[in-house]
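Peer 1: Please read through the structure below; I'll follow up with questions.
The values are calculated or read from the model by the stated rules, or taken from the named source; none is laboratory data. Since we're looking at a predicted model, the values are computed, not measured. Cβ sites come from the backbone with ideal geometry, for glycine too, and all protein chains shown count toward neighbours. Surface accessibility is based on the protein's heavy atoms, side chains included, excluding ligands, DNA and RNA. Shrake-Rupley method; radii C 1.70, N 1.55, O 1.52, S 1.80 Å.
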Amino acid sequence: MIQTIFTILVALGFVFITLHDLVDIPGWAHGRQVRAAIGPTKTVIGTLVNGIFPGLALFYAIQYWHRVPPTYVLNYWVIYCAITMAGAIQSWWIPYFWGTNEKTKQLYAAMYAGTRQVLPARGDNPRPNLLHLYFHALGLSTLILAVMLRLGIG
C-alpha cells in the first residue's frame, strides 16, 4: 500500500514540477510571469532539467510497482526526495525566515505576484505561495514514504 501511495505522489510531483512554471492558473501558477522574469529559454531549460530527477523516480516507481525494488532504487528515492526538500528549504524557507538579497526579492516578486498567499509577511522577504506550500507538503510526504520503503516499513 505504501508503495502505491508513493507511486501516486511521485507521479503528481513529476507533473507539478514539470508544468507549474509553464501554465497560467489565476491565483495559483502564473507561468507567463515566470517566463517574463527569467525568459522563455531559461524557463524551458529549467523545466527540462527539473523534470529529469522526478522523471527517473517515477520511472522506477512504475517499473517496480508491486515488486520489491532493488536497494539502489530505494536509495535513489530517498536521496532524490531529500534533495528536493533541501531545495525547497533553500529556495523558500531560508529567504522567508532570514531574508535574501534584493535581486532575489525582486525576482520572486515578479514571478509570483498575484498568487495566493496564506503565510504572514515577514518584512519584504519572499514567502512561499499556497501552491508551493502544497508542493512542499507533497515533497515531505514523498520523502517520509521513501524512507519508510527504504527501511522496509509497510
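Peer 1: Which value, in Å³ per residue, describes the convex hull spanned by the Cα atoms of the stretch 1-143?
Peer 2: Numbers: hull volume 15.5 nm³, N = 143.
It comes to 108 Å³ per residue, whole-number rounded.
Peer 1: Kirkwood hydrodynamic radius of the stretch 79-154 from all distinct Cα pairs, in Å? Present the calculation step by step, with values, prior to reporting the outcome.
Peer 2: Details: mean 1/r = 0.0738 Å⁻¹.
Every distinct Cα pair counted, the radius reaches 13.6 Å.
Peer 1: Mind giving me the nanometre distance, one decimal, between the label points for T18 and M85, set 7 Å out from Cα along Cα→Cβ?
Peer 2: Taking the simple label geometry, T18 and M85 are separated by 2.5 nm.
Peer 1: Bin width 5 Å, origin at 0, all Cα-Cα pairs of the stretch 18-70: what percent of pairs per bin?
Peer 2: Whole-percent P(r) values from 0 Å outward: 5, 19, 20, 16, 13, 11, 8, 7, 3.
Peer 1: Counting only heavy atoms of the protein chains, get the accessible area per residue of the stretch 24-118 (1.4 Å probe) and round it to a whole Å² value. All intermediate terms of the calculation are to be shown ahead of the outcome.
Peer 2: On the way: 5720 Å² over 95 residues.
I get 60 Å² per residue for the stretch 24-118.
Peer 1: Here's another thing I want to ask about it. Which percent of the accessible area of the chain is formed by carbon and sulfur heavy atoms (probe 1.4 angstrom)?
Peer 2: Percent of accessible area from carbon and sulfur atoms in the chain: 70.
Peer 1: If you don't mind, there's one more thing I want to ask. Would you calculate, for the chain, the mean residue ellipticity at 222 nm contributed by helices, counting each DSSP H stretch of 4 or more residues as -39,500 (n - 2.57) and dividing by all residues, to the nearest 500?
Peer 2: On the way: 7 runs with 105 residues, N = 154.
So the helix-based figure for the chain works out to -22500 deg cm²/dmol.
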